[in-house]
1. Rg and Dmax of region 29-120 over Cα atoms: what are they, in angstrom?
2. Once every DSSP H run of n ≥ 4 in the chain is given -39500 (n - 2.57) and the sum is divided by its residues, what mean residue ellipticity at 222 nm do you get, rounded to the nearest 500 deg cm²/dmol?
3. Stretch Val241-Gln207 to full length: gain in nm at 0.36 nm per residue minus the Cα-Cα span?
4. When the Kirkwood radius is taken over all Cα pairs of region 138-198, what Stokes-Einstein diffusion coefficient follows at 25 °C and 0.890 mPa s, in µm²/s?
5. With +1 on the Cβ of every Lys and Arg and -1 on the Cβ of every Asp and Glu, and nothing else charged, how large is the dipole of the chain about its Cα centre, in debye rounded to the nearest 20?
6. Could you rank Ser158, Ser144 by how accessible they are, 1.4 Å probe, largest area first?
7. Could you sort the peptides 179-191, 92-104, 39-51, 55-67 by per-residue average Cβ neighbour count (10 Å cutoff), highest mean leading?
8. Quick one: Cα centre-to-centre distance for region 179-205 and region 40-113, in angstrom?
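The values are calculated or read from the model by the stated rules, or taken from the named source; none is laboratory data. Keep in mind the model is a prediction, meaning the values are calculated, not measured. Every residue, glycine as well, gets a Cβ built from its backbone with ideal geometry; the counts of neighbours run over all protein chains shown. Accessible surface is based on the protein model in full, side chains and every heavy atom, while ligands, DNA and RNA are left aside. Shrake-Rupley method; radii C 1.70, N 1.55, O 1.52, S 1.80 Å.
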Amino acid sequence: MDGFVLIDKPVGISSHDVVYQVKKKLKVNKVGHTGTLDPFASGLLILCIGKATKLAQLFSDLDKSYSGTILFNKLYDTYDVTGKLIDEKQVELSIDLIKSKSKEMIGTYNQLPPMYSAIKIDGKKLYDLARQGIELERPKRKVSIFDFIIHDFKDDKSTFFAHVSKGTYIRSLAVDFAQKLGTIAVLETLRRESVGSYDVKDAISIQEVEKDDIISVESYFRNHQKLTLSDYLIHLVKNGVYLDERQIETEQPFIVVDQQNQMIAYYEVIDKNKYKPVYIF
């Protein structure tokens, strides 16, 4: 049982809780997630099962999309409504102004992550320090906002849709957006709609998940470029040999297959004409 499962995480539990429950439900020893969702958020959580936990990084560079609700004129220390209220304002806003300013968020900028995040500085997670009342300077990270759509505005709240690059914090996006409006804001709700080409519409609940719902590793790699090797080299590949320009010249990851077109290993480029086995089937 090696592969991936698409889970629709409910509000109120952590990503770690999901991993534990799915591990118990499927009776497997190794389960890992590919990107944390905060307990107050719901939506798509991609889990790696069995040996596929070695492939979690395949999902880390993918774009993500979210929907949710922004609450204006209030600021909480967590950048969402689960935290402590630390500031309030009475700025008059309108739907026309909010929609107009939302277009200015599209593009690439350096975003400051929230203190309440899993980022590590000197080996310590920021949210652990934040809970102790410690605030550190943290490096900004370059993020890209591909789409940011405001749907409405009522009672100081707007619902939105955002399509963003890896590493983007939607809580920080709400705070940064509010600055353009001359006010403050936090997230009231958040739902992850997609990760790369995977959509929450295809996800299932923790209660529903069965072994048949596992997307096999072979299925995931079916459209990757393939390299067919001799039986002699296949034997070496199974033992983890690195490949070079004598076998292939490419800048893309690939799948080694044998003479019967059976998948043997997944390789990634680590240098020019140098390829490392990441996963042996």
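1. Final numbers for Rg and Dmax: 17.4, 54 Å.
2. Rounded to the nearest 500, it is -4500 deg cm²/dmol.
3. Computed gain between Val241 and Gln207 is 8.1 nm.
4. For these conditions, the coefficient is 192 µm²/s.
5. My answer is approximately 560 debye.
6. Putting Ser158, Ser144 in descending order of accessible area: Ser144, Ser158.
7. Highest to lowest by the protection proxy: 39-51, 179-191, 55-67, 92-104.
8. 6
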